[in-house]
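The structure appears right after this line, and notes come after that.
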Amino acid sequence: MHDDVVEEPRPTEGENMTKDQGTVVPVLTLATEETHVPDVLAEGPLTAEKLTELRTVLAVMADHPVTTLEIRPMPETVPQSSGISLNAVSPLATHLSKLIRDSAKNSSTVATATSSGENIYRMVVPAKVAAQFGTGVVKPMTVKGVEGGIRSALVGAKGITAHATFVPVKTATKGAAAGAALTVAGPLVLMAVAAGAAANAEAQQRQALEKITTLLEELKQEKLDDERSDLKGSAGAVKKAAAILLDRGEVGHSLGLDSAVHTIDKELSRTEDRLGKWRDALRRLPEDKGVELSALKAFSGVAGKGGQFRTHLEIATLAIALKRRVIVLQAVEHAQASEGNGFERFSRELKTDQERIDELESGINDVLLRLSSLQIKRQSGFRSPVFTGAEVDTLMKQAHRIHSLGKQVEHRDGTPDVAIDIARRRDGSVTVLPAVAAG
């Protein structure tokens, strides 16, 4: 991909803020290609609600993807394990440094906000644009080290936004009739979205591996252990490819990625076969009637704490997370190999390739919801019509474990805005945290 020229932003009015007005958060408006919109950029400070409205308007008005970049103070700690760390000469870090440098020259607000050399840069991609990435890029994160950590401070409504004053920083216009000319930063947006999506998938991958290891310690099933080991081995090649791509912007052909992709695809095929069997088993169950556990043989161990079925679910989750990382890498590689229109090429490749994954994940969610809605009844046979206390307790625990499967399904109300937090250090290196739904 060729480097786009970043237009220099000019300061907006109302930049002199007093301390009692809270933290000043400069907001830059970025386009992936040169585009004009009616001059809807606000003058003076904004509330968080008004900023959200502005994003919506820009997404509707602009011909090409438009994002906003908020410049926030660096928190005390940034969980390195939750994101992807890139050095100062990586494409993402280089483009971000240039944008900061050019913006600070022409805006006292940006210069003041970035004077320490360490900040969090939050890129928010509107829902309209996020929809181009498909449904799998952004998920509510419950990974250890993310929940309650930096995400809570940066994305949550009770974080810095409660005390912040958002100040739009306008760019130069090319004539009043043309409207507002937004800062062109296609490579920056592309690499930020790619890194945030890859970090999200990597976090899901780590969580799935932890669960599988715990489950297999109880099951002691050699075949499933082999599946886990094969996928874990593939993860190394995928991680290496991601590091090279995001650090240097180019992936070679000697990383073993082809073999890793073959292993991942083979596991996805197994998952599709298992999904078909689960669906067939559910279709055979009676509607609106109690179901005995003996009728759930296709879901071995579903009423227990672990079991083969739950291990199959976690292996599927791991394979899907790995495939999502591969899809992002392939989409970035295709986009960078194309001169011009890189971001739109990236989103097109990403959406096309992940339809199979989204369909597979949706099918698994349907199975979990169906299972969680079952009414579990006592096993029939020549038994006393009176339940013992122990039988009642056991049946209730088994039913609860089955009903809790529905909690694993993520309920989304449409495609959310995507928030990607980038922590930048004094030396120019960055850590990109997992992309999440903007709070």
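The values are calculated or read from the model by the stated rules, or taken from the named source; none is laboratory data. These figures come from a predicted structure and were not determined experimentally. Methodologically, a virtual Cβ is constructed for each residue, glycine included, from the backbone with ideal geometry; neighbour enumeration extends over all protein chains shown. Heavy atoms of the whole protein, side chains included, go into the accessibility calculation; ligands, DNA and RNA do not. Shrake-Rupley method; radii C 1.70, N 1.55, O 1.52, S 1.80 Å.
So here's what we get for this one:
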| quantity | calculated |
| --- | --- |
| Subset of the range 374-415 [of a type in the set (S, T, N, Q), at pLDDT below 80 and either assigned to a loop (DSSP other than H, G, I, E, B) or within 32 Å of the chain's Cα centre (by Cα) (or both)] | 379, 380, 384, 388, 408, 415 |
| Qualifying residue in the range 271-286 (condition: farther than 20 Å from residue 364 by Cβ and out of contact with any Phe, Trp or Tyr (no Cβ under 8 Å at 6 or more places or on another chain)) | yes |
| Filter result for residue 196 (open to solvent by less than 20 Å² (accessible area, probe 1.4 Å), at pLDDT 80 or above and farther than 24 Å from residue 312 by Cα) | yes |
| Count of residues meeting criterion [open to solvent by less than 10 Å² (accessible area, probe 1.4 Å) and under 23 Å from residue 433 (Cβ atoms)] in the range 42-58 | 1 |
| Qualifying positions in the range 278-297 - loosely packed, with under 12 Cβ neighbours inside 10 Å and either in contact with a helix residue (DSSP H, G or I) (Cβ under 9 Å, 6 or more places away or on another chain) or in a helix (DSSP H, G or I) (or both) | 280, 283, 284, 286, 294, 297 |
| Criterion violated by residue 363 - all others in (1) at pLDDT below 80; (2) part of a helix (DSSP H, G or I); (3) surrounded by fewer than 18 Cβ atoms within 10 Å (Cβ to Cβ) satisfied | (1) |
| Restricting the range 59-92 to residues that are assigned to a helix (DSSP H, G or I) and of a type in the set (S, T, N, Q), the residue that is surrounded by the fewest Cβ atoms within 10 Å (Cβ to Cβ) | 80 |
